[in-house]
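Student: Dropping the structure in here first, questions after.
The values are calculated or read from the model by the stated rules, or taken from the named source; none is laboratory data. In this text, all values refer to a predicted model and were calculated from it rather than measured experimentally. Using ideal geometry, Cβ is built from the backbone for each residue, glycine included, and neighbour counts are taken over all protein chains shown.
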Amino acid sequence: MSKEIRFSDHALLKIDLLSERGITIAQDFVVETIQSPDTREPGEGEKITAQKQLNENLVLRVVYREYEAFILVITLYPGRRSRYEKN
């Protein structure tokens, strides 16, 4: 997947807010989550949710939409592994 990955203003705001709360998420990790997720699931409409393990207890969930020319990160949020991992 070599499309340009763009971040919505909302996604950038979420990265800042999480950082203020002590959860640092690098944009590179968001890109990595989209490019090689642990899981990927279809969402509402054209949206896709990619998930990757963040640490022992948390996963990062990235909601994005793929367009012809680029990928747009809509939002992202950490979640408890126990909630999102099936096994």
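Student: Residues being of a type in the set (Gly, Ala, Ser) and over 16 Å from Leu72 (Cβ atoms): count how many of those fall in the range 21-46. So that I can check it myself, show each step before the final result.
Tutor: Here is the first cut: in the range 21-46, the residues of a type in the set (Gly, Ala, Ser) are 22, 26, 36, 43, 45.
Pick out the ones that are also over 16 Å from Leu72 (Cβ atoms) and you get 22, 26, 36.
Final tally of qualifying residues: 3.
The rows are residues; the columns are (1) in contact with a helix residue (DSSP H, G or I) (Cβ under 8 Å, 6 or more places away or on another chain); (2) more than 16 Å from Gly79 (Cβ to Cβ); (3) at pLDDT below 95; (4) of a type outside the set (Ser, Thr, Tyr).
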{"residue": "Ile5", "(1), (2), (3), (4)": "yes, yes, no, yes"}
{"residue": "Ser8", "(1), (2), (3), (4)": "no, yes, no, no"}
{"residue": "Lys14", "(1), (2), (3), (4)": "no, no, no, yes"}
{"residue": "Ser19", "(1), (2), (3), (4)": "no, yes, no, no"}
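Student: Something else about it: Pairs only if they're at least six apart or on different chains, beta carbon under 8 angstrom, first in the range 64-83 and farther than 13 Å from Thr49 by Cβ, second of a type in the set (Gly, Ala, Ser) and not in a strand (DSSP E or B); list them, first residue then second.
Tutor: Partner pairs satisfying both residue conditions: Leu72/Ser8.
Student: Filter the range 1-27 for residues that are more than 19 Å from Glu68 (Cα to Cα) and in contact (Cβ under 8 Å) with a residue 40 or more places away in the chain; which is surrounded by the fewest Cβ atoms within 10 Å (Cβ to Cβ)?
Tutor: So in the range 1-27, the residues more than 19 Å from Glu68 (Cα to Cα) come out as 9-27.
The next check asks that each one be in contact (Cβ under 8 Å) with a residue 40 or more places away in the chain; those that pass are 10-11, 14-15, 18, 23, 25.
Working: His10: 12, Ala11: 19, Lys14: 20, Ile15: 19, Leu18: 16, Ile23: 15, Ile25: 19.
Of everything passing the filter in the range 1-27, His10 is surrounded by the fewest Cβ atoms within 10 Å (Cβ to Cβ).
Student: Right, Val30: within 14 Å of the chain's Cα centre (by Cα), in a helix (DSSP H, G or I) and surrounded by 15 or more Cβ atoms within 10 Å (Cβ to Cβ) or not? It would help to see each step written out before you state the result.
Tutor: Working: within 14 Å of the chain's Cα centre (by Cα): yes; in a helix (DSSP H, G or I): yes; surrounded by 15 or more Cβ atoms within 10 Å (Cβ to Cβ): yes.
So Val30 fits the description; yes.
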